[in-house]
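Scroll down for the structure; my scribbles are underneath it.
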Amino acid sequence: MTQISCRALLFDLDGVLVDSTPAVERVWANWARQRGFDPIDVVRRAHGRPSIATLRELLPNADHEAENRIVERCEIEDLEGVVAAPGASALLKSLPPAQWTIVTSCTRALAEVRIRAAGLPIPEKFITSTDIQNGKPHPEPYLKGATLLGYPAGDCVVVEDAPAGIRSGKAAGARVIGLLPIASKDELIDAGATRTVKDCSRISFVNSTNGQMHLQLAEAL
């Protein structure tokens, strides 16, 4: 077990707080097949990034906003199997409400649909792709997440499962806890994760003193 302290926690959504992987993979695989791309490659590219970034990469000459609306509509409509990730609900309920938020590559509409489908609390303020100019792995999402809560990013801990998100958190100056199993432990560490755990069930809130939250981690082997 390892103990860490921080002023605030910044959580990615998909794969960290919400298990939406089957729905995400279905939507992107169907999109890829319809447009003649390799579904496995497209799903890999799409994970942990704003959808419009993937679309710009794959279809440089397309109407990206129109394509993005198609993908978003499909993701909002496909909620089969979208549930809270292991340990997410208990962890969020144990944390001081003013000291955590969500920083996601989803649009705000999609994020709210998935958070509700998973039965998780919706933070009063959170960051989505709607709120930023540069998506993960750029530091902007996590810099804005920290600012939203009123803390320097260096006083925050990011919880992420995608290498792009880990790089975003690290570039912002935060420490990063990497979650399995989308990426391997080695991939998470190579991307910049400070610690690695299996899922949110392995992160426990111990107490809070002088504005510092103290957490206990059961690190991944």
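The values are calculated or read from the model by the stated rules, or taken from the named source; none is laboratory data. Please read these numbers as outputs of a predicted model, since none were measured by experiment. Neighbour counts run over all protein chains shown; Cβ positions are idealised from the backbone, glycine included. Accessible surface areas use protein heavy atoms only, side chains included; no ligands, DNA or RNA. Shrake-Rupley method; radii C 1.70, N 1.55, O 1.52, S 1.80 Å.
Computed over the chain with a Gaussian network model linking Cα atoms closer than 10 Å, the most mobile of Ile52, Ile122, Ile166 is Ile122.
Rounded to the nearest Hz, the phi-derived 3J(HN,Hα) couplings of region 8-19 under the Karplus curve 6.51 cos²θ - 1.76 cosθ + 1.60 (θ = phi - 60°) are 7, 10, 10, 9, 5, 9, 5, x, 10, 9, 10, 8, where x marks glycine and proline. With r defined as the distance between the Cβ atoms of Thr130 and His214 and R0 fixed at 35 Å, what FRET efficiency is calculated, to the nearest 0.05? The formula returns an efficiency of 0.60 here. Considering only Pro22, Pro50, Pro141, the mean-square fluctuation computed in a Gaussian network model of the chain, springs between alpha carbons under 10 angstrom, is largest for Pro22. Could you tally the net charge around Ile4, taking each other residue with its Cβ under 11 Å from the Cβ of Ile4, Lys/Arg +1 and Asp/Glu -1? With Lys, Arg at +1 and Asp, Glu at -1, the neighbours total +1.
Rolling a 1.4 Å probe over the protein heavy atoms gives region 75-221 an accessible area of 44 Å² per residue. The C-alpha atoms of the chain define a longest principal axis, and helix 163-172 lies at about 50 degrees to it. Relative to the dominant Cα principal axis of the chain, helix 140-149 is inclined by about 40°. Carbon-plus-sulfur accessible fraction, the chain (probe radius 1.4 Å, protein heavy atoms only): 50%. When the charge dipole of the chain is built from unit charges on Cβ atoms (+1 for Lys and Arg, -1 for Asp and Glu) and taken about the Cα centre, the candidate among Gly145, Ala62, Ser94 whose Cα reaches farthest toward its positive end is Ser94. In a reduced charge model with +1 at each Lys and Arg Cβ and -1 at each Asp and Glu Cβ, region 71-221 shows a dipole moment near 380 debye about its Cα centre.
Sorting check: for 208-215, 65-72, 167-174, 191-198, which peptide has the highest mean count of neighbouring beta carbons within 10 Å, and how do the rest follow?
Numbers: 208-215: 13.5, 65-72: 15.5, 167-174: 24.4, 191-198: 20.9.
Ranking, from highest mean packing down: 167-174, 191-198, 65-72, 208-215.
Semi-axes of the equivalent ellipsoid for region 161-215, computed as √(5λ) from the eigenvalues of its C-alpha gyration tensor and ordered from largest down, come to 22, 14, 7 Å. The charge dipole of region 1-105, taken about its Cα centre with unit charges on the Cβ atoms of Lys, Arg (+1), Asp and Glu (-1) only, comes to about 300 debye.
Determine the sum of side-chain charges near Ile115: Lys and Arg each +1, Asp and Glu each -1, restricted to other residues whose C-beta is under 15 angstrom from that of Ile115. Once positives and negatives cancel, what remains is -1. A Cβ-based charge dipole, computed about the Cα centre of region 118-178 with Lys and Arg at +1 and Asp and Glu at -1, lands at about 140 debye. The angle separating the long axis of helix 108-117 from the principal Cα axis of greatest extent in the chain is about 70 degrees.
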